[in-house]
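So the structure is just underneath, and the comments pick up after that.
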Amino acid sequence: MKPLLPDIASPLVAWQLTHGRHALPWQATRDPYRVWLSEIMLQQTQVSTVLGYYERFLQRFPEVAALAAAPLDDVLALWAGLGYYSRARHLHRCAQQVMAQHGGTFPRSAQALQELPGIGRSTAAAIAAFCWDERVPILDGNVKRVLTRVLAFEGDLADARVERALWAQAQALLPAQGQDMPAYTQGLMDLGATLCSQRQPRCADCPLQAACRARAEDRIAEFPRKTRKLKRKRVEMTWLWLRRADGAHWLLQRPARGVWAGLWSLPECADVAEAQASVQGWAGSATQGDTFTHVLTHRDLVITPWQFRFSGAAPSADELQQRWPGGRWIGPADLDAVGLPAPLSRLLRR
């Protein structure tokens with residue numbers, strides 16, 4: 001016989017209304033556009049980082065129609081530095097699909113929202129719960145940690161079948177009244193972000209301490225269980241940094257897939273020797289910059305910038321495009337108009 005699930009909804013809703021977060025700019029609205037934007041930005045990104053980006057996006061794209069009509073380059077330029085750039089491309093595609101297929105109005109159910117680009121099950125549920133009180137569970141990383149500890153959930157979340165079982169438990173734990181869904185959903189987010197941390201959780205302040213089996217059994221550190229881990233890779237690259245006398249940089253738009261997809265970056269060479277060979281016959285001076293490491297989720301990029309400054313007239317864009325198709329000269333004043341990888345943005349503005 002399966003053990004009865006605890007009532008976590010009542011204490012969690014009461015705690016959120018009294019002690020939860022209420023001052024975040026996307027909380028005082030039921031506008032699905034603004035809630036959706038915040039949920040996408042908050043994926044794998046801290047609230048403190050998102051705040052500035054969220055306000056700038058709304059200033060530039062105050063509604064879904066403005067976002068859908070904007071060039072992708074404008075969207076990527078505003079997203080630059082936020083990371084996980086596939087989110088920005090999906091954001092743009094989603095806005096266009098909302099306009100083309102739904103008349104500019106977001107579908108009013110979690111199931112329908114999942115049909116849109118870049119909106120997964122948990123994100124769709126969050127939007128539906130906050131905007132329309134729909135009784136659907138969320139299950140992002142923080143919430144998985146909260147629920148697996150409360151339930152002492154033994155399964156390995158690397159197994160899709162086990163994760164489906166946790167989804168079923170999350171559904172069963174929902175409050176009975178839809179009107180409690182915004183506070184309940186926000187409460188799970190707040191609890192995972194503030195008290196139920198991966199290390200050094202503040203159990204004494206937790207509204208669910210009486211129901212938490214992991215705490216009762218002194219096994220908090222065991223949950224959540226997930227054995228499969230990303231294998232980190234070390235990738236070495238040399239950036240060929242071509243600069244005209246007027247300070248313009250030769251930049252290429254990266255492919256639509258892969259690291260920094262769709263952003264503008266410097267041409268890449270296998271090593272410094274290849275960079276040197278690329279500028280043979282041109283008048284100018286070369287400087288090798290300090291090698292630095294940029295850390296991504298599953299790889300470490302070890303980058304060496306090799307700069308060549310033209311002393312006279314630089315080759316024309318047509319000539320350079322024969323070597324690096326799709327490139328163009330971009331002056332210092334125009335850097336904000338294109339999306340740049342964060343480490344390159346810092347390098348060019350130094």
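None of the figures in this text is laboratory data; all of them are computed from the coordinates on show. What you see is a predicted model, and the numbers here were worked out from it, not measured in a lab. Glycine gets a Cβ as well: all are built from the backbone with ideal geometry, and neighbour counts include every protein chain shown.
All other residues whose Cβ lies under 13 angstrom from that of Pro62 are scored, Lys and Arg at +1 and Asp and Glu at -1, for a net of 0. Each Lys and Arg contributes +1 and each Asp and Glu -1, all at the Cβ; summed about the Cα centre of region 58-114, the dipole is approximately 160 debye.
Seen against the Cα atoms of the chain and their longest principal axis, helix 32-42 is set at about 70 degrees. Please determine, in degrees from 0 to 90 and to the nearest 10, the orientation of helix 47-60 with respect to the longest principal axis defined by the Cα atoms of the chain, where the helix direction is its Cα long axis. Once rounded, one gets 70 degrees. Principal-axis analysis of the Cα atoms of the chain puts helix 141-151 at an angle of about 20° to the longest axis.
Distance between the C-alpha centres of region 4-79 and region 319-350: 30 Å, rounded to the whole angstrom. Considering every alpha-carbon pair of the chain, the percent of pairs per 10 Å bin, from zero through the bin containing the longest distance, is 5, 21, 26, 21, 15, 9, 3, 0, 0. Counted by neighbouring Cβ atoms within 10 Å, the residues Arg135, Arg228, Arg346 run from fewest to most as Arg228, Arg346, Arg135. Of the trypsin sites (Lys or Arg not before Pro) in region 44-116, the ones in a loop by DSSP (not H, G, I, E or B) with at most 16 other beta carbons within 10 Å are Arg108. The residues Leu348, Leu37, Leu113, when put in order of fewest to most other Cβ atoms within 10 Å, stand as Leu348, Leu37, Leu113. Simple rule: put +1 on each Lys or Arg Cβ and -1 on each Asp or Glu Cβ in region 101-241, find the dipole, and look at Ile119, Ala214, Met189; the Cα lying farthest toward the positive end is Ala214. Peptide packing for 144-156, 316-328 was compared via the average number of neighbouring C-beta atoms within 10 Å per residue; ordered from the highest value, the list is 144-156, 316-328. For His102 and Asp31, the difference between the fully extended length at 0.36 nm per residue and the C-alpha to C-alpha distance is 24.0 nm. Annotation: peptides 272-281, 164-173, ranked by per-residue average of other Cβ atoms within 10 Å with the highest first, follow the order 164-173, 272-281.
Of the chymotrypsin sites (Phe, Trp or Tyr not before Pro) found in region 194-259, no site is in coil according to DSSP while having at most 13 other Cβ atoms within 10 Å of its Cβ. Given their separation in residues at 0.36 nm each and the Cα-Cα distance between them, Glu154 and Thr49 gain 34.5 nm when the chain is fully extended. Cβ crowding within 10 Å, taken as a proxy for footprinting-reagent exposure, orders Cys269, Cys131 from fewest neighbours to most as Cys269, Cys131. Rounded to the nearest 500, the 222 nm mean residue ellipticity of the chain from helices alone is -12000 deg cm²/dmol, with -39,500 (n - 2.57) taken per DSSP H run of at least 4 residues.
In the chain, Cα pairs under 8 Å separated by at least six residues give a relative contact order of 18 percent.
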